[in-house]
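Asker: Below is one structure. I have some questions about it.
Readers should treat all values here as calculations from the given coordinates under stated rules, not as data from a laboratory. On a predicted model such as this, the values are computed, not experimentally measured, just so you know. We place every Cβ from the backbone using ideal geometry, glycine too, and count neighbours over all the protein chains shown.
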Amino acid sequence: MLNIVIFGAPGSGKGTQSTKISEKYALEHISTGDMLRAEIKANTEFGKKANSYISKGHLIPDEVMIDKLDDLMKKKNGVKGFIFDGFPRTIAQGKALDEMLEKYDEKVTVVLSLEVEEDELVDRILKRGEISGRSDDNRETVEARLNVYHNQTEPLKNYYSEQFKLVRIPGQGTIDEVFESISTVLDRIIG
Ligand code: AMP
């Protein structure tokens with residue numbers, strides 16, 4: 001299996017690139033953010049609880065997210081691989097993902113880190129906020145999300161680079177340029 005983690009700050013283009021990767025390489029796209037937004041839209045109890053974290057730019061607690069990811073993966077049998085978008089976001093989630101994949105005799109193949117400068121991230125998120133209707137795409141929440149990213153998520157870069165799995169992708173070009181860089185890396189891995 002080809003198991004990809006797509007990694008990056010909020011606004012780095014993870015969702016957009018994941019959709020393109022999942023189409024080209026026939027991988028199962030697992031987006032924890034999309035799953036949470038679907039729960040919010042359906043107004044479930046879980047969705048309401050999740051939104052109280054999301055709208056503040058905070059992370060949902062690890063135990064909750066790890067259980068949800070386990071559920072999502074159990075439902076997907078016989079796939080060629082996964083693209084994990086928005087998970088893991090903490091070292092604890094990274095370790096949990098390794099354990100989950102191990103149960104299937106699998107592992108993370110590669111981690112694609114989308115590198116985008118902070119000013120550009122803020123611009124992109126505020127622009128997206130004008131159309132997305134997301135409770136977290138506004139100036140107040142952006143700052144909290146970037147802090148959470150630096151403090152809780154970014155340490156994962158070290159976690160994966162120690163395993164020689166981290167590949168940095170320049171994320172500031174056009175959608176197609178970024179996808180081209182990603183494809184080059186993935187084609188090399190597939191051989
Ligand atoms: P995203 O669409 O990936 O940017 O996620 C939007 C928001 O959902 C994040 O800012 C978090 O509040 C929450 N979220 C998504 N994925 C996770 C995760 N793996 N762990 C904790 N919170 C998450």
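Asker: Within region 31-81, how many Lys pairs that are eight or more residues apart, or on different chains, come under 28 Å at the alpha-carbon?
Answerer: Lysine pairs satisfying the spacing and distance rule in region 31-81 number 18.
Asker: Please report F46, F84, F179, F164 as a ranked list, fewest other C-beta atoms within 10 angstrom at the top and most at the bottom.
Answerer: On the way: F46 14, F84 27, F179 18, F164 8.
Placing the least packed residue first, the sequence is F164, F46, F179, F84.
Asker: Over region 1-157, what is the mean sequence separation of C-alpha contacts under 8 Å (at least six apart), divided by residue count, expressed as relative contact order in percent?
Answerer: Details: 200 pairs, mean separation 62.6, N = 157.
Over region 1-157, the number comes to 40 percent.
Asker: Do any GluC sites (Glu not before Pro) in region 116-149 lie in a DSSP loop with no more than 14 other beta carbon atoms within 10 Å, and if so, which?
Answerer: Numbers: sites: E117, E118, E120, E130, E140, E143; in loops: E117.
Sparse-neighbourhood loop GluC sites (Glu not before Pro): E117.
Asker: Related question: What is the fewest-to-most order of L114, L166 by other Cβ atoms lying within 10 Å of their Cβ? Write down the numbers at each step before the final one.
Answerer: Details: L114 22, L166 18.
By the 10 Å Cβ count, ascending, the order reads L166, L114.
Asker: If you don't mind, there's one more thing I want to ask. Once fully extended, how much extra length lies between K80 and V185, figured as 0.36 nm per residue of separation less the alpha-carbon to alpha-carbon distance?
Answerer: Contour length minus the Cα-Cα distance gives 36.0 nm.
Asker: Report the calculated FRET efficiency for K95 and T19 (r = Cβ-Cβ distance, R0 = 25 Å), to the nearest 0.05. Before the final figure, lay out each step's value.
Answerer: Details: r = 27 Å, r/R0 = 1.08.
In this case the efficiency is close to 0.40.
Asker: Can you give the direction-averaged projected area of the convex hull of the alpha-carbon atoms in the chain, in nm²? Please report the intermediate quantities before stating the final value.
Answerer: Details: hull surface 41.5 nm².
Projected over every direction and averaged, the Cα hull of the chain covers 10.4 nm².
Asker: Next question, about the same structure. Suppose the chain between K127 and R139 were pulled fully straight at 0.36 nm per residue; how much longer would it get relative to their current alpha carbon spacing?
Answerer: Values: separation 12, 0.36 × 12 = 4.32 nm, distance 1.05 nm.
Full-extension gain reported as 3.3 nm.
Asker: Here's another thing I want to ask about it. Using 0.36 nm per residue of separation minus the Cα-Cα distance, give me the extension gain between K165 and E106 in nm, one decimal.
Answerer: Stretched fully, the K165-E106 segment lengthens by 19.8 nm.
Asker: Which GluC sites (Glu not before Pro) in region 145-191 sit in a loop by DSSP (not H, G, I, E or B) and have at most 12 other Cβ atoms within 10 Å of their own Cβ? Show your work: numbers first, answer last.
Answerer: Details: sites: E162, E177, E180; in loops: E162.
Filter output for region 145-191: E162.
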